[in-house]
Structure formats: C-alpha cells, structure tokens
Amino acid sequence: MKRTHSSGTAAVPDLPSLEPIRLVDRHGRRLGDPAFPTPDHDTLLALLRGMVVGRRFDRQAGALARQGSLAVYPSSHGQEACQVAGALALADQDWLFPTYRDSVALLTRGVDPAEVLTLLRGDWHSGYDPRRHRCAPQCTPLASNAPHAVGLTYAARRQGEDTAALVLMGDGATSEGDAHEAYNFAAVWNAPVVFLIQNNRWAISVPVEKQTRAPTLAHKAIGYGMTGYHVDGNDAAAVYAVVSRALAEARSGSGPVLIEAQTYRLDPHTNADAPQRYRDEAEVAYWRDRDPLSRLETLLRAEGAAGDADLERFAAEGERVAADVRRRLAEDDHLDPDDLFAHVYAGIPPALARQRADLRDELREG
Ligand SMILES: Cc1ncc(C[n+]2csc(CCOP(=O)(O)OP(=O)(O)O)c2C)c(N)n1
C-alpha cells in the first residue's frame, strides 16, 4: 500500500513493520493477519510437500559433495520455507532468478534434480534450459542476478507480456553495487520484480549487523521508492502470502517490491566452511527450534488437513528423488576440466591459455 507524496509527484510507501509478518507461530498455531490471508489447506499441503522433498534432496546433495561428486554444495537446510514458498508463488510465465544457495527453489520450480546440481559439479553450463523452466542460471557473483531480472521484466513489459520475476538474494548480497543498481532501476522503470532477501544472518562468517545500519533490510525499499515487506522466513504460509501479494502488486504496475525474510542457515555456508569458528551452538539451537517444516506439519495435523499417510507419501517422494540423483550422478561421472576454458572466447587469450596449461599439468601429476 502506498500513500501519495506531499508534492503529489510520487507515492511514499509505508514503512515495513519491525515485527515480521507471521501467519503461523513456531508452535504451529494459526495466528492470521487480515492484510495477508493464510493460504488454503491445499496450498499449505503443497508447501509442506515441497519442503519435505527439498530437505531430503538437500541432504543428499550434501552427502554427494562430501563424497567428491559435487565440487561444492551450499545447503538450503533451514531456508526451505523461503525457497519453496517463493517458487510456488510464481505463475508459469514468471521467471525465477536464483543464487548458488537456491537448489531447493529450482527443484520446486520443476527443474530436473540432477540438472539442478550440474553447475555445482563444476560443469561449464547450468545444466537446465533457462528458457524452458523460466529459471535463470544459478549465479555465484553476489547480486549479479538482480540487474538481469530488472532488464528481463522491463523488456517483457515493453513487449506487452505479463511476466514478473522473483530474485532470490542473501543478506550479504544487499551490500553489492549490483543490488543497489537493480533496486534503483527496477523502481525507476517500474519493472515487475520482487526481490526476496533471505536474511540467514550470515554471509559466510560476516554477521548481518556488519552489512547495514538500517532497522531491517526491508527498510531499504523506502529509499528506492519501493514497497518493503518484512516477513518470518521460517513461516512458509507467511512467505507464500507475502510473495504472492508482492507479485500481484508488481504485475499490476504498482512497482517492484523488496521483501526481507528472517531465516537461518542451519548448515555450514558450504561443505568447505567451519561455522564453529564464528557462531555459537546456542544460536543454531535457537533457530532449530523455529524449524519451518515441523511448524507447518503441526498446524496441518492439528486442523485435520494432513496425517501420517501424507507425510509418508512426501517422505517416499523425497527418497525417490535422492535415489535418482545418486544413480544419475554415478552413471555420468565424467567432466572434462578443459571444457571450462572452451566456451568463453572464440580465441583463447594467452593468460587463460597459461592457466589451462597449468591445470593440465596439475591433473597429469595427479
Ligand atoms: C561479488 C562477489 N563477492 C564475493 C563473493 C564471495 N562470496 C561467496 S558467498 C559469500 C557470502 C554471501 O552471503 P549472502 O549474500 O548473505 O548469501 P548466503 O551465502 O548466506 O546465502 C561471499 C562473500 C562472491 N561470490 N561474489
């Protein structure tokens, strides 16, 4: 909701709430919010299914990284509500712009599970066809997905297409110049983009307190002339309701929206990280107590909308996905490191040729 600016030339968005929007409390009790209606039981079941399957997939990917089948794996554990609800809130014609952390969002969007992991195996391409799934390749340079989403949706709007985009980004990424440029031009051009910041409290070892002095990351929206929402990112019902509304607002032409979702990365940053060096176990325990899956399961069971049979079905689906990924990565275990150098330039520059020669020597020496 926007108020009219006193000069009458621009709308002044309301300040985001300091308390995050929450529809279900951490004990699984329904709270509700007149401004953000709680999704119906079918939608809540779809959210729970996505999170159960996503968590199993995530655990499998972590194991594959430890076994050396993946080059690296940034876990989604703890952030399933943001990733599943964000992906499910999108319409077919919309685009998802994920980061390296958002494998579960890609899975939820319908990308083949083995293809979700292609980039993280160290392949030179993203595995899936971005146009078919309307999912941009996972980006590793922080915030570099954000300007692309602005350009794509601005262009689509000019061509009369009804296409919105959801950009996923971390709290650390909000300090990048690309984030600023994307927020600013999304607002100036009225591009139908929703930026969903998953504030998982850490950018590797840097706490969110070192990224900003703003009261919440959602408050940053105001300076750009955007609407900002602040939501409990471990409440899948709330994330779904807030992202759905933001997408509807962006689509209707009232401008882009910036959402901060409060969540937590329960696992290390990647399999190459040692979080015990920078965070307390008590903090992790606090967030384990706010698990997004058990919260929604408790609500649905209490309201008679889910039972053992549903949970068993979701778990079996998760096992099938994990087994499929294990089998396919084992069957197709050949990656040629030379490929990394093959598709960047028409003629390889001398510095890159030297790096390629060094890599070949290193691999020969084993
Ligand atoms: C432009 C850029 N600078 C630095 C890095 C190195 N780097 C990789 S992940 C990361 C932390 C990112 O934190 P955040 O944006 O909060 O996302 P999270 O990993 O917590 O999901 C950094 C600094 C990078 N990938 N890109």
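Yes or no, residue by residue, for (1) in contact (Cβ under 8 Å) with a residue 60 or more places away in the chain; (2) within 15 Å of the ligand (Cβ to nearest atom):
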residue: Asn199; (1), (2): yes, yes
residue: Ser205; (1), (2): yes, yes
residue: Glu209; (1), (2): no, yes
residue: His219; (1), (2): yes, no
residue: Arg245; (1), (2): yes, no
residue: Arg251; (1), (2): yes, no
residue: Leu266; (1), (2): yes, yes
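Do we have Val257 as in contact with a strand residue (DSSP E or B) (Cβ under 9 Å, 6 or more places away or on another chain), surrounded by 10 or more Cβ atoms within 10 Å (Cβ to Cβ) and closer than 29 Å to His77 by Cα here?
Values: in contact with a strand residue (DSSP E or B) (Cβ under 9 Å, 6 or more places away or on another chain): yes; surrounded by 10 or more Cβ atoms within 10 Å (Cβ to Cβ): yes; closer than 29 Å to His77 by Cα: yes.
It is true that Val257 is in contact with a strand residue (DSSP E or B) (Cβ under 9 Å, 6 or more places away or on another chain), surrounded by 10 or more Cβ atoms within 10 Å (Cβ to Cβ) and closer than 29 Å to His77 by Cα.
Just for segment 260-281: of the residues that are among the hydrophobic types (A, V, I, L, M, F, W, C) and out of contact with any helix residue (DSSP H, G or I) (no Cβ under 6 Å at 6 or more places or on another chain), which one is modelled with the lowest pLDDT? Lay out the reasoning, then the answer.
Looking only at segment 260-281, we keep the residues that are among the hydrophobic types (A, V, I, L, M, F, W, C), and these are 261, 266, 272, 274.
Then keep just the ones that are out of contact with any helix residue (DSSP H, G or I) (no Cβ under 6 Å at 6 or more places or on another chain); that gives 266, 272, 274.
Values: Leu266: 98, Ala272: 91, Ala274: 94.
Selected residue: Ala272.
Residues to consider are Leu266, Leu247; find the one that is among the aliphatic types (A, V, I, L, M), touching a His at 6+ places or on another chain (Cβ under 8 Å), under 25 Å from Tyr100 (Cβ atoms) and not in a strand (DSSP E or B). Step through it out loud before you land on a result.
Numbers: Leu247 fails: touching a His at 6+ places or on another chain (Cβ under 8 Å).
One residue alone meets the criteria, Leu266.
Taking segment 131-147 as the search range and keeping residues that are farther than 11 Å from Pro98 by Cα and in a helix (DSSP H, G or I), which one is nearest to the ligand (Cβ to nearest atom)?
Pro147
Please work out if Asp40 is within 16 Å of the ligand (Cβ to nearest atom), among the acidic types (Asp, Glu) and under 28 Å from Gly28 (Cβ atoms). Break it down stepwise before answering.
Details: within 16 Å of the ligand (Cβ to nearest atom): no; among the acidic types (Asp, Glu): yes; under 28 Å from Gly28 (Cβ atoms): yes.
Criteria not met by Asp40.
Condition check ((1) within 24 Å of Gln60 (Cα to Cα); (2) under 29 Å from the mean Cα position of the chain (by Cα); (3) part of a helix (DSSP H, G or I); (4) assigned by TED's automatic domain parsing to the domain that holds Phe57) across all residues:
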position	(1), (2), (3), (4)
Glu297	yes, yes, yes, yes
Asp324	yes, yes, yes, yes
Ala346	no, no, no, no
Ala357	no, no, yes, no
Asp361	no, no, yes, no
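If I ask for residues that are of a type in the set (Val, Ile, Thr) and not in a strand (DSSP E or B), which ones from segment 217-243 would you list? Even if it seems obvious, please write down each step before you answer.
In the first step, residues of segment 217-243 are kept if they are of a type in the set (Val, Ile, Thr); the result is 222, 227, 231, 239, 242-243.
Within segment 217-243, Ile222, Val239, Val242, Val243 meet the criteria.
Restricted to segment 57-116, and to residues that are acidic (Asp, Glu) and within 25 Å of Glu283 (Cα to Cα), which residue is farthest from the chain's Cα centre (by Cα)?
Going through segment 57-116, the residues acidic (Asp, Glu) turn out to be 58, 80, 92, 94, 102, 112, 115.
Checking which are within 25 Å of Glu283 (Cα to Cα) leaves us with 58, 80, 102.
On the way: Asp58: 13, Glu80: 9, Asp102: 4 Å.
My answer is Asp58.
State the number of residues belonging to segment 155-190 that are more than 16 Å from the ligand (Cβ to nearest atom), surrounded by fewer than 24 Cβ atoms within 10 Å (Cβ to Cβ) and either assigned to a helix (DSSP H, G or I) or not hydroxyl-bearing (Ser, Thr, Tyr) (or both). Let's see the steps before the verdict.
As a first pass, look at segment 155-190 and keep what is more than 16 Å from the ligand (Cβ to nearest atom): 155-165, 184-190.
If we keep only those that are surrounded by fewer than 24 Cβ atoms within 10 Å (Cβ to Cβ) too, we end up with 155-163, 184-185, 187-190.
Imposing the further condition that a residue be either assigned to a helix (DSSP H, G or I) or not hydroxyl-bearing (Ser, Thr, Tyr) (or both) reduces the set to 155-162, 184-185, 187-190.
Total satisfying the criteria: 14.
The values are calculated or read from the model by the stated rules, or taken from the named source; none is laboratory data. Everything numeric in this text was worked out from a predicted model, so none of it was measured. A quick note on method: Cβ atoms are made from the backbone with ideal geometry, for glycine too, and the neighbour counts reach across all protein chains shown.
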